[in-house]
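Readers should treat all values here as calculations from the given coordinates under stated rules, not as data from a laboratory. The model shown is predicted, which means the values in this text are computed figures rather than measured ones. Methodologically, a virtual Cβ is constructed for each residue, glycine included, from the backbone with ideal geometry; neighbour enumeration extends over all protein chains shown.
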Amino acid sequence: MAEGAAPPPTLWPIDQGRQSVERFTSGAPWEAIAGYSRSVRAGRFVFVAGTTGTVEGQVCSPGDAYAQTAQALRNVEAALQLAGATLADVVQTRLYVTDIGRWEDVGRAHREVFADAAPVTAMIGVCALVDPEMLVEVEAVAYLAT
């Protein structure tokens, strides 16, 4: 870099201090089996992954992509709350769908939850999830402004 030249821009803000990382579990059986956290708070970011339409470890509404997405998003909300975030803080979602032909049902459930927040999102067709009755898995990233 030439003397007096500005440093190149960075994608992420650089914090000279070490920020804490907190991990949260929902108690779902797959977390212990596969060794992952339902949500992780790293600085101002909260990451939620592996979230499906389940209640107490059981797949809800087999065959109903809309209902499973709605439940998965309720589970995302609960995971966010554990880490001190809300649905309004969500800036990105990813939806993994086993039958992309049901995208409108999945999208409708997503819109009903995020109409005001409107995070960036991607809907990705996958061949299967860990349980054959699971139709949708959701990931979310939230940013805490304060």
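Some observations on this one:
- Among residues of region 131-142 that are touching a residue at least 40 places away in the same chain (Cβ under 8 Å) and under 17 Å from F114 (Cα atoms), those with a Cβ under 6 angstrom from a residue that is among the hydroxyl-bearing types (S, T, Y) and buried (at least 18 other Cβ atoms within 10 Å of the Cβ), sequence gap 6+ or separate chain, pair up as V136/T69; E137/T52; E137/Y96; V138/T51; A140/T93.
- Residue match in region 106-127 (condition: of a type in the set (V, I, T), within 15 Å of the chain's Cα centre (by Cα) and outside any strand (DSSP E or B)): yes
- Single unsatisfied condition, A49 versus (1) closer than 21 Å to L144 by Cα; (2) surrounded by fewer than 18 Cβ atoms within 10 Å (Cβ to Cβ); (3) touching a Ser or Thr at 6+ places or on another chain (Cβ under 6 Å): (3)
- Subset tally (residues that are among the β-branched types (V, I, T), free of Cβ contacts under 8 Å to residues at least 60 places away in the same chain and either on the phi > 0 side of the Ramachandran plot or assigned to a helix (DSSP H, G or I) (or both)) for region 47-98: 0
- Residue within region 130-138 that is touching a strand residue (DSSP E or B) at 6+ places or on another chain (Cβ under 9 Å), closer than 22 Å to A34 by Cβ, part of a strand (DSSP E or B) and among the hydrophobic types (A, V, I, L, M, F, W, C) present: yes
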